[in-house]
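To keep things clear, I will list the structure first and then write my remarks on it.
What follows draws every value from the coordinates through simple rules; no lab data is involved. All figures in this text were calculated on a predicted structure; none of them were measured in a lab.
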């Protein structure tokens, strides 16, 4: 039981993941869906950052560089920077996606006067029935 509680951060990420997924699936308001999507995305980012961390680890920079001769390196003492770099990219993409989604939500609200998904879809159906 103590081992499960020692990894409390993973439980928090799982909870955030569930909250985000629940919000995306059940909420009818498009802004609430966008917020839920961001919660889901941040849960994934936090998870990947935490698996890239290591207690007692150090940055992967070898003292002496290229000209310092041969140095014995223990790879287990270094932190893997790849998850952090990938998540930095994911953060940038997420901010851009959120910005575009907010711009689209503004356009939807100006056009339809609401952000409720069902109302927008019903108005689209009604418009298509009048045309057809």
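Can you work out D for the chain in µm² s⁻¹ from Stokes-Einstein, where Rh is the Kirkwood radius over C-alpha pairs, the temperature is 37 °C and the viscosity is 0.692 mPa s?
Numbers: Rh = 18.7 Å.
Estimated via Stokes-Einstein, D reaches 176 µm²/s.
Given an 8 Å cut-off on Cα distances and at least 6 residues of separation, report the relative contact order of the chain as a percent.
24 percent
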